[in-house]
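Comments concern the structure below.
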């Protein structure tokens, strides 16, 4: 089961995601993120600590989310990726266009700069 | 009459559907010498009733022919013609006959017109001067696609459901895969794609290039369904067009990426590993757009993963420039290209397989011909996966430099 929990403070929204993001759950993931993001939001951090797998359908949701934020003048960052998922982002070259941070604190610090 | 046994093309004439009594192809060209040439070079197919041809000399004549004759299955059209050119004709065909598919004959490397043609719904293209072996393969592929689309659509009429959309996409996917593998030119090659039940957009392709070189594509389109299927079709065709027009794999990916990025609001993307093998020098040059690294296996079974070129998946980053690497293959060396359906194949404990098991296998029993090598990779996956369901397409393409 995929789970997305949002926490927000003044500057950022963190979407803590849990489970597998594959073609079966990608739409659910997209719908959950769309619900989380408000038009005035300038930064979203997706916490990947408990994500066990992401397929290309999931990567597409990440990409669309980045575009949505870009359109409203915001930015997307990911944090706490497990090694296999970090590798997926590296091979696909997505780490060239999506900000990836070790920890949530580092992601938040990079955004508030 | 003596039986014609010359084997100018026996292997390509694989059987289409048994229940077909033959397909009718409309050839449109203003040059008068194409008609006798087609009749001569396609005489066997005509005699067997497999294809029949009708001819028109410009777009206006072609449209009239299409209106008068409901049996025409596909159109093969030149671009430059008087009265109505091929590109205009392409726009008119779907209005007149939505189920007819078109193949365009273009000048060598004329990407501008090829791109316009594809945007206007051409299924494929061939280049001048017409290579009739290539033409046969292209015609068969197009007709197979038409047949599968018809089958899928007839099912769809009865059961309008998401599953059918997936079937349409899957049929598109199957219809673009090569079924003929070249041998005897200093290398041999074999590819297989095992579709997952509901998702996946893998495909592979082979392209004969100038100076006896061969272009090899392994690719994976994100997501599923009809939209992904169409994205796959245009990716494949743009790759083919760019491969024919440009020499270097890096340039090919750069060009295809820039074409795919335009108007890509869906966020769809495609991972591609494109390589060119030159049998004269033994050099393999490749560029990666988000694909897994190829694996080089030497004749003695030792192996290495070839370094990636750091490229991003195609369709998302405007004006991205793709880099390339090259490696010299010794006689007897094999290169294995796989998609993530191989490395991310899951076992019962939901662990991904990785590539090491494949390398271990070949260390024990070094690769022989590409077909057995590719099938061995599939067997390694099956053994690892056990009873776990296949969750993504699996593609394996193998190139071997002849001993």
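The numbers here are math on the coordinates, done by the rules we state, and not lab data. Values in this document were obtained by computation on a predicted structure and should not be read as measured data. Note: ideal-geometry Cβ built from the backbone for every residue, glycine included; neighbour counts use all protein chains shown.
What to note about this one:
- Residue order for B:384, B:204, B:269, fewest other beta carbons within 10 angstrom first, comes to B:384, B:204, B:269.
- Ellipticity at 222 nm from helices only: DSSP H runs of n ≥ 4 in chain B, each -39500 (n - 2.57), divided by the residue count, give -11500 deg cm²/dmol.
- The alpha-carbon positions of the protein assembly as shown define a convex hull whose volume is 168 Å³ per residue.
- Fewest-first ordering of A:103, B:192 by other beta carbons within 10 Å of each residue's beta carbon gives A:103, B:192.
- Compared with the dominant principal axis of the Cα atoms in chain B, helix B:132-158 is inclined by about 90°.
- Cα-based helix-to-principal-axis angle, B:59-68 vs chain B, degrees rounded to 10: 80
- Computed over chain A, the convex hull of the alpha-carbon atoms projects to a mean area of 6.1 nm².
- Distant alpha-carbon pairs in the range B:238-310 (separation over 16 angstrom), percent: 57
- Taking the convex hull of Cα positions in the range B:340-403, its mean projected area over all directions (nm²): 4.3
- Neighbour counts of C-beta atoms inside 10 Å place B:111, B:353 in the sequence B:111, B:353, starting with the fewest.
- Value of Rg/Rh across chain B [Cα atoms, Kirkwood radius]: 0.97
- Candidates B:241, B:184, B:250, ranked by Gaussian network fluctuation over chain B, Cα under 10 Å, top entry: B:184
- For peptide B:310-319, the mean count of partner chain Cβ atoms within 10 Å of a residue's Cβ comes to 4.
- Two-decimal ratio, the range B:64-157, of alpha-carbon radius of gyration to 2.2 N^0.38 Å: 1.09
- Approximate shape of the range A:9-53 as ellipsoid semi-axes (Cα gyration tensor, √5λ), whole Å, largest first: 21, 13, 6
- With contacts taken as Cα pairs under 8 Å at a separation of at least 6 residues, chain A carries a relative contact order of 25 percent.
- Over the range B:214-352, volume per residue of the alpha carbon convex hull, in Å³: 119
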